[in-house]
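None of the figures in this text is laboratory data; all of them are computed from the coordinates on show. Quantities reported herein were computed from a predicted structural model and do not represent experimental measurements. Please note: Cβ atoms are built from the backbone with ideal geometry, for glycine as well, and neighbour counts cover all protein chains shown.
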């Protein structure tokens, strides 16, 4: 690890000022990806701006129309929240199956979304639930936020401050886990929203999360596991590695979608 300047601001304003003044600064959330990258000397930041002391970025707030989650809220806090389990049980259970206890108690929803790992879990929930990512500058609909491999719509220096999820009548997540990392080999989040159903898949493509419109139409017409059980997904463009072939991942998408609908 190379030497760097460490900052621990207590407000969003101070954090953005520290980043703007740095030669090559970076925000530090849970550090699940950034710290190993620095340790391996794959990155060399002049400054790290630790967001952990900014209370404005923490917490879960619910109202009649949805749930707002601060960017520095940990996976463990989401999984344990009675309010989230009551309002969006699928999202709470997704948080519960991320990584291991150490990761769940350090990793944050904002850090995971900013990193946009193609096998991460939250992008599927955001896309399926039609979430809005809130930053220090604007609001970005989830449909336009995820751009590709580790790429998002965030501009340089833009800070995620929270995520706003609308309520869903039903929602659930089913994941076929990598046995070592806990990342999704294939993960499918399904949601029945007002007037439509949405299906989002993570882990299957190198480019990241995507929706399956054929399954969405089938579930909008009839919300049942049988509605998606016989729908096949093409293997073209899907990942193939030591864990699963593209054909196997295509089959897993259908299996995980059926299980998610059944769970919802």
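PRE reach from residue 6 (point 7 Å along Cα→Cβ): which of segment 29-54 fall under 11 Å by backbone N?
So the set is 48, 50.
Return the calculated 222 nm mean residue ellipticity for the chain, to the nearest 500 deg cm²/dmol, obtained by summing -39500 (n - 2.57) across DSSP H runs with n ≥ 4 and dividing by the residue count.
The per-residue figure over the chain is -9000 deg cm²/dmol.
Residues in segment 16-30 near a label at residue 44, defined as backbone nitrogen under 17 Å from the 7 Å Cα→Cβ point?
So the set is 23-26.
Taking neighbour counts of Cβ atoms within 10 Å as a proxy for exposure, in what order, fewest first, do 7, 2 appear?
In order of increasing Cβ crowding within 10 Å: 2, 7.
Which of 133, 253, 12 ends up with the largest GNM mean-square fluctuation for the chain, with Cα atoms connected below 10 Å?
12
Take the chain, connect every pair of alpha-carbon atoms lying under 10 Å apart with a spring to form a Gaussian network, then pick out the residue of 23, 95, 15 with the largest mean-square fluctuation.
Between 23, 95, 15, it is 23 that shows the largest mean-square fluctuation.
If you average 1/r across every pair of different Cα atoms in the chain and take the reciprocal, what Kirkwood value do you get, in Å?
Answer for the chain: a Kirkwood hydrodynamic radius of 18.8 Å.
At a threshold of 8 angstrom on Cα-Cα distance, excluding pairs fewer than six apart, so keeping six or more, what relative contact order does the chain reach in percent?
Relative contact order for the chain comes out at 15 percent.
Report the residue, chosen from 30, 130, 182, that carries the largest GNM mean-square fluctuation when the chain is represented by alpha-carbon nodes joined by springs under 10 Å.
The residue that fluctuates most here is 182.
Label points 7 Å out from Cα along the Cβ direction at residue 21 and residue 80: separation in nm?
Calculated label separation equals 3.5 nm.
Rank the residues 33, 108 as a footprinting-exposure proxy: fewest other Cβ atoms within 10 Å of their Cβ go first.
Lowest count first: 33, 108.
Considering Cα pairs under 8 angstrom that are at least six residues apart, work out the relative contact order of segment 222-264 and quote it in whole percent.
Taking the mean separation of contacting Cα pairs over the length of segment 222-264, I get 50 percent.
Over 10 Å intervals from 0, what percent of Cα-Cα pairs in segment 43-145 sits in each interval?
14, 49, 32, 5, 0
Rank the residues 245, 171 as a footprinting-exposure proxy: fewest other Cβ atoms within 10 Å of their Cβ go first.
245, 171
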